[in-house]
Structure formats: structure tokens, C-alpha cells
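> Take a look at the following structure, please.
None of the figures in this text is laboratory data; all of them are computed from the coordinates on show. Values in this document were obtained by computation on a predicted structure and should not be read as measured data. Here the Cβ positions follow ideal geometry from the backbone for every residue, glycine too, while neighbour counts run over all protein chains shown.
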């Protein structure tokens, strides 16, 4: 059984059919890329699967269990993590706190215990701080351990989002354009980071425009165009698909 | 960083402990008590406004529930003041929880309008239920006694509110640096990011709204017993605005900013009394100057200037 199974997924915003009748499935442990021209519905697809939007039609199953229309926090409980194309970092917090927020569901969130600063809370928080530091090292941000998020450069914030997502100890992580806006050197570093994440056993679903990175990392690729599925397969299959070539080169097939 | 935050708590406690020794007369004692009462309310409100990023323009209404619970229940029904205070807080918590769910589906201006409306409704209720509340004239509040000991002198009240304030500062610092507090600050920083890491955003907004409302209600009860008289003005719109102004002037998302804001804005009208009728104008001008030159509030701006951070 695939980890994630999407069938006939659609969402309409008024008359705009942002995602139309898209079906695909993702096996556990692979790197799966979603590509397509701007406006093809890639981020919308992510928003649907991670619960930010509710689908108009169709079914999303995680481990055979229907998750379509469930709220983001319910999906987080089921091990679904994500990052954002336009950064969603809490600039009012320190870098390490941003990572610690990722572990929210694994902590005792009791208000009264927190207000009384019970030892059980502080002990667990100290452990978590260590864990978060470890994650920051993993994504290559150890030098920002004591930094405020609003003092960090863009490229570092992109990785900080990945660290926060990893703090959830997710089963599947959705990365929305992790290399967008990065220089070539940073792109290579993120490429390596995504590989490391995948090697740690987490299924990676990736939206990315950098084709080199996509071809290099992905086991399978889904191509979207105007909200519809254009092709799906291995990098080689997709690259040779005439529809894909037409969509990317703008030819009328 | 955290050690430094708690260091401030010791300073607060030291100031509160030494203050009675230097206050020259009962006028200043009274002022100090009212500053401390406001500080506790503003701490709670800052958790909601500064840390969680949600506005409330109706908090004086909650203050009013607490104050009138302490006035009405002992007077008309012979309840023990402590029980009345508890009942007021419970009723406030319940009401806040009840209205919070629909209210927090709203954002920005709509949220401000909804809380504003709530405060005004509460105020109108207090004004119109004259049989119970004495209407616009208000009503006297019985003295607060516990185990045969009556809180009568300013000195007693001073120590009560000083202890309450110290505990509130400590609890606020604790809360902010906890999983609960991080979730609150995160939903302020990025609501969608906090949702996808599993924060049930509405639940947290409701929780902090209820908590800050209960803070206000309890301090309303304390105010009622301390002053010995309540009027609906305690619960009116202008008082709500005053409380929000204390948060903003002192510094959003700053525990010590809440204290500074409460102290300054409680003292300022007294200091400006010499302007005879023009004090509101001077008051407004000072607020405007503060907002233009210190938009983040006093404490955060000064902390940044001296490179310390809180």
C-alpha cells in the first residue's frame, strides 16, 4: 500500500479550477517531485494535502485512512510536515524557538503547569532545546543557535523551516520550493540536505523549479499544468514525455 | 537570555518591598496600589495582545463583572467576598469562553469591533440593572475579610496587590517560555505555520482570551473591595482603551513593558492634574509622541537601544 494515495482531487475557487481531477500515489521512503509551470497548481496541491485548503472533490488517503478536509493540526498529528514557498517563519521568536515550535505536539502544553513552571515542563523543555540544537546542526544552522529569526538571511530561514518541520518527527515532509531564491552554492547545499532528510527515512515530496535538483533527487515526478496532471513517472520518462516538452517549451502539440 | 528575564522579577520584588518605606503619604500609597492593580490587568492583556497578537477592546467589561460580583453578591445575597470573587471570575471565564469561539473566527478590525461590542453590552447591563447594581450611581462594596481579619488599611491592600503582582509577573514569564507560550507567540508570528506544526490555533486564542479576562475579573473584584465603591465607569469603553494603551505604550510582548505602561499611565493623569481641564489634551499629545518616536513601546525600544533585549 502506498503511503499517500490521491484520487481525483479537485479544488475550485469560484470559477477557477486550481486543481482538477489529479490522481497519484507516493510510496513510503521515496523522494517525489511535483513540477510544472507557474500557476500549475503545485502549491495548491500541497495546501490540499496538508489541510490548509479543503478539497472540492476527491480523496486523499494516508496509509489507507482518508485525510481529505482534515485540519492541519490533525494532519500534523499523523506525521505530515511542510515548509512554505513564501517563508512562514515566526519573526517574533528566536531561531531555536522556531524549531522548538515544531515539536509542539510532542510536548505537555498544559497552561497551568507552564505558569507554575513545574520541573516536568522545564526538564522536557531543556531536552527539547538540545534536540532543536541538534536539528539546527543537521540543517547547517548551528551558528544561528542564539540568533533572532528576524536577523537571519533568507537562505538560512529556508533551512530553518526545514528544521522546524523535522522537529515534528514527521513521516512525510512537503517541501515547497526549498531552493527558490537561493544562489547556486546554497542550492547545492539544500540539495544535499534534502538527500540527507530522505536518507533518514522520511518520505519527501518536493515542489521545485530547479530541474537539476529535481532530476538529481527524485525517484518519481508528477507534472502539473493548468491544475491538471500532465504526466507522471521517473525522471527519464517525464523528460521524454511529449506533453511535458510542449508545456515547458510552450509549443502547441 | 531567560536568566536575565527572571532577574527583572527580583528587581520588581525589591521595588515592591522597599516602596512603602519611601512613599511619603497615603496619596502615594493609593497611587501605588492602583498602579499595581492595573499592572496585573495589563500583564494579562499583554499576553493576549502582545504575545498572541489578538486585540480586545472590551476588557473593562470583564473587570466590571468581577467588580460587580464582589459588590452585588455579598450585599444582596450575603455571600462571602472570597466566594463572590471566585464566582465573578468563573462567570467571566465562562462568558469569555462562550463568546471567544465565534469571536476568534474574526480577524483584525472585526475582532476589535466584536470585543468592543461585548464590552459595551456589559457596561450597558451594569448601568441598566439598577435594582441590583445601583445603575449609573454605582453601589458600595462591603469590606473584604478573611479568617476574621479585615483588609481595611491601605497598607494591607498594598501587600495584597504587591504579592499578586509579583506572582503574576513570575507566572507570565513562566508561561511565555513554555510550550504553551511558544505556541501563542508562534500563532502571532505565522498562523499558517503554527497550524501545520499542529497548533490548534483557535483553542490557544480562546485559552489566552479566557485567561486574560479572568485576570481582569479578579482585579476588578480587588479594585471594588479596595475602593469600597463601584460605578459602571470601571467597565466602560474608555477604561478598555486605557488598558490597551498601557499595553502599547509599555511595549507589546514585553512583560516589563506591561508594568511600565501601567505605572506611567496610572501616574500621568495625576501628574497632569495641574493643567486644569487641559490634561486630556496633554495626555493625548504625550501618547502621540510616544507612538511616533517609540512605536514598539517604551521597554522594547529602550532595550533595543541599549542592546540588551529582554
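> To the nearest 0.05, how large is the calculated FRET efficiency for residue B:94 and residue B:291 if R₀ is 35 Å and r is the Cβ-Cβ distance?
Working: r = 36 Å, r/R0 = 1.02.
Step by step, r from the Cβ atoms, then E = 0.50.
> Compute the acute angle (0 to 90°) between the alpha-carbon long axis of helix A:119-138 and the principal axis of greatest extent of the alpha-carbon atoms of chain A; round to the nearest 10°.
50 degrees
> Starting from the Cα gyration tensor of chain A, take the square roots of the eigenvalues, sort them a ≥ b ≥ c, and report rounded, prolate or oblate (rounded when a/c is under 1.5, otherwise prolate if a/b is larger than b/c, else oblate). Could the numbers behind the result be given before it?
Working: a/c = 2.14, a/b = 1.56, b/c = 1.37.
Prolate.
> Separate question: How high is the FRET efficiency from residue B:75 to residue A:151, r the C-beta distance, R0 60 Å, rounded to 0.05? Could the numbers behind the result be given before it?
On the way: r = 56 Å, r/R0 = 0.94.
In this case the efficiency is close to 0.60.
> Related question: With axes computed from alpha carbons, what is the tilt in degrees of helix A:154-166 against the longest principal axis of chain A, rounded to the nearest 10 within 0 to 90?
Taking the Cα atoms of chain A, the angle to A:154-166 is about 80 degrees.
> Here is a follow-up. Based on DSSP, what percent of beta bridges with both residues in chain A are antiparallel, to the nearest 5?
Numbers: 20 of 36 bridges.
That works out to approximately 55 percent antiparallel.
> Quote the FRET efficiency, to the nearest 0.05, computed for residue A:38 versus residue B:106 with a Förster distance R0 of 35 Å and r equal to the Cβ-Cβ distance. Don't skip to the answer; put the middle values down first.
Working: r = 33 Å, r/R0 = 0.94.
Once rounded, the FRET efficiency stands at 0.60.
> Mean-square fluctuation check for chain A, GNM, Cα pairs under 10 Å: which of A:91, A:100, A:215 is largest?
Ranking A:91, A:100, A:215 by mean-square fluctuation puts A:91 first.
> Let me ask you something else. How long is segment B:234-280 along each principal axis, judged by its Cα atoms, biggest number first, in Å?
35, 22, 13
> Moving on to the next point. What does the convex hull of the alpha-carbon atoms of chain B project to on average, in nm²?
The directionally averaged projection comes out at 16.8 nm².
> Quick check: convex hull over the Cα atoms of segment A:87-169, volume per residue in Å³, rounded to an integer?
On the way: hull volume 7.4 nm³, N = 83.
Looking at segment A:87-169, the number lands at 89 Å³ per residue.
> Here is a follow-up. Determine the relative contact order of segment A:5-114: mean sequence separation of Cα pairs under 8 Å and six or more apart, normalised by residue count, in whole percent. Show your work: numbers first, answer last.
Working: 116 pairs, mean separation 24.2, N = 110.
RCO, segment A:5-114: 22 percent.
> Once you put a point 7 Å from the Cα of residue A:245 and another 7 Å from the Cα of residue A:211, both along the Cβ direction, what distance in nm separates them?
Label-label distance for residue A:245 and residue A:211, simple model: 1.2 nm.
> For the pair residue A:8/residue B:268, report the inter-label distance in nm, with labels modelled 7 Å from Cα in the Cβ direction.
Distance between label points: 6.3 nm.
> When chain B is treated as a GNM, springs tying every alpha-carbon pair under 10 Å, which of B:165, B:98, B:234 comes out with the largest mean-square fluctuation?
Greatest mean-square fluctuation among the candidates belongs to B:98.
> Moving to a separate point now. Over all directions, the average projected area of the alpha-carbon convex hull for segment B:150-239 comes to how many nm²? Provide the component values of the computation, followed by the final result.
Numbers: hull surface 30.3 nm².
The directionally averaged projection comes out at 7.6 nm².
> Still on this structure, I have one more. So how tilted is helix A:184-199 from the main axis of chain A? Cα-based, degrees 0 to 90, rounded to 10.
Once rounded, one gets 80 degrees.
> Separate question: Return the average number of partner chain Cβ atoms within 10 angstrom of each residue Cβ along peptide A:85-96. Don't jump to the answer; show the numbers that get you there.
Working: counts 0, 0, 2, 9, 4, 10, 3, 10, 6, 2, 0, 0.
The shielding value for this peptide is 4.
> Moving on. Please label the shape of the protein assembly as shown as rounded, prolate or oblate, based on the square roots a ≥ b ≥ c of the eigenvalues of the alpha-carbon gyration tensor (a/c under 1.5 means rounded; beyond that, a/b larger than b/c means prolate, else oblate). Spell out each step's value before the answer.
Numbers: a/c = 2.58, a/b = 2.16, b/c = 1.20.
Verdict is prolate for the protein assembly as shown.
> From the Cα gyration tensor of segment B:100-183, with a ≥ b ≥ c the square roots of its eigenvalues, which class applies: rounded if a/c is under 1.5, or else prolate if a/b is larger than b/c, or else oblate? Each step should come with its number before you reach the end.
On the way: a/c = 3.38, a/b = 1.11, b/c = 3.05.
Cα axes put segment B:100-183 in the oblate bin.
> Run the quick spin-label model on residue A:195 and residue A:74: label points 7 Å from Cα toward the beta carbon, then report their separation in nm to one decimal.
Simple spin-label model gives 3.9 nm for this pair.
> When chain B is treated as a GNM, springs tying every alpha-carbon pair under 10 Å, which of B:223, B:75, B:92 comes out with the largest mean-square fluctuation?
Highest fluctuation of the listed residues: B:75.
> From Cα pairs below 8 angstrom and at least 6 apart in sequence, can you work out the relative contact order of chain A, rounded to a whole percent? Before the final figure, lay out the partial values.
Details: 474 pairs, mean separation 67.6, N = 253.
Here the relative contact order equals 27 percent.
> Under 8 Å for C-alpha pairs, at least 6 residues apart: give me the relative contact order for chain B, rounded to a whole percent.
Details: 477 pairs, mean separation 101.5, N = 310.
Relative CO of chain B lands at 33 percent.
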